[in-house]
Amino acid sequence: INEITQQLHQAVNEQLGKVGKDAKKVEFLTEEILNRREQLLAFDDREEQLELVEKQFNYVEKTLKNYTDPITDEHGFYLENPPFFEDAFKELIVEGVLHENGKVTYKLSMGIEWSAPINYDDLKRRREMLEKRKREAEKEKQLNSPKVKAMIEYCKEPKNIHELHKFFNQYKYPQGLKRSIVNPLIERGIIKMTMPDKPSSSYQRYYSVSID
């Protein structure tokens, strides 16, 4: 810009003393100066954008340090999940695109795109797995509860399902007790049937062989 400005001053001075002035060179140099200034403004804008990108990138890098656990399950999820950083999500994510194959591509505020290594089907399977584990944990907790242990002790002498239902009294119907408590205990060998060949017999009795 400085060099062209000097050329412009020289061209103007050359035209001052002339009759029938030719302003083409002056106009050309003036246009060149304006173009260079527009380029300079564009560079300034880009520099500001790069400073913002660098700031956001450092923020992302700092945030992702909480996700350094390399151990994942069969669906690609971390076994030890750090908390969800809502503030980081709001600041960095401009848009999320859900593709037909279930994958998600995030558009970040720093101008780049990032695709999650998992898809929605993986997420559903993960949720189902967690729900299953939760149910199994609750079931395990219930089977080891003092009430169940008392019922096992009560079964040292064979009892029918109605007697057990009356003793346990946490299920509305005897079949609920049989399905949720008695059958799992039978599978574990803690309770046995007096008529194992006829599990649905009305004369069926149940007795405990261990309270461990």
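List, please: which pairs have Cβ atoms under 9 Å, are six or more places apart or on different chains, and start with a residue in region 79-108 that is touching a residue at least 40 places away in the same chain (Cβ under 8 Å) and end with one that is part of a strand (DSSP E or B) and open to solvent by 80 Å² or more (accessible area, probe 1.4 Å)?
Once the first residue is touching a residue at least 40 places away in the same chain (Cβ under 8 Å) and sits in region 79-108, its partners that are part of a strand (DSSP E or B) and open to solvent by 80 Å² or more (accessible area, probe 1.4 Å) give Leu108/Val94; Leu108/Trp114.
Name the single residue that is nearest to Ser208 (Cα to Cα) among those in region 140-149 being open to solvent by less than 40 Å² (accessible area, probe 1.4 Å) and in contact with a helix residue (DSSP H, G or I) (Cβ under 9 Å, 6 or more places away or on another chain).
Ranking the qualifying residues of region 140-149, first place goes to Val148.
Among the residues of region 109-129, what is the count of those that are within 12 Å of Ile93 (Cβ to Cβ) and either touching a residue at least 60 places away in the same chain (Cβ under 8 Å) or not hydrophobic (A, V, I, L, M, F, W, C) (or both)?
Residues meeting the conditions: 2.
Between Leu52, Leu130, which is under 30 Å from Leu185 (Cβ atoms) and at pLDDT 80 or above? Write out each step before concluding.
Numbers: Leu52 fails: under 30 Å from Leu185 (Cβ atoms).
Answer to the check: Leu130.
When region 168-191 is examined, which residues are found to be surrounded by fewer than 16 Cβ atoms within 10 Å (Cβ to Cβ) and under 17 Å from Glu153 (Cβ atoms)?
Asn169, Gln170, Arg188, Gly189
Under 7 Å by Cβ, and 6 or more places apart or on different chains, what pairs join a residue from region 20-49 that is within 19 Å of Gln10 (Cα to Cα) with one that is part of a loop (DSSP other than H, G, I, E, B) and modelled with pLDDT of 90 or more?
Pairs that qualify, where the first residue is within 19 Å of Gln10 (Cα to Cα) and the partner is part of a loop (DSSP other than H, G, I, E, B) and modelled with pLDDT of 90 or more: there are none.
Determine which member of the set Ala137, Ala88 is open to solvent by less than 70 Å² (accessible area, probe 1.4 Å), part of a helix (DSSP H, G or I) and at pLDDT below 85.
Ala88
The values are calculated or read from the model by the stated rules, or taken from the named source; none is laboratory data. This is a predicted model, so every value here is computed, not measured. With ideal geometry, Cβ positions are generated from the backbone for all residues, glycine too; neighbour counts draw on all protein chains shown. Quick note on the areas: whole protein, heavy atoms, side chains included, nothing else; ligands and nucleic acids left out. Shrake-Rupley method; radii C 1.70, N 1.55, O 1.52, S 1.80 Å.
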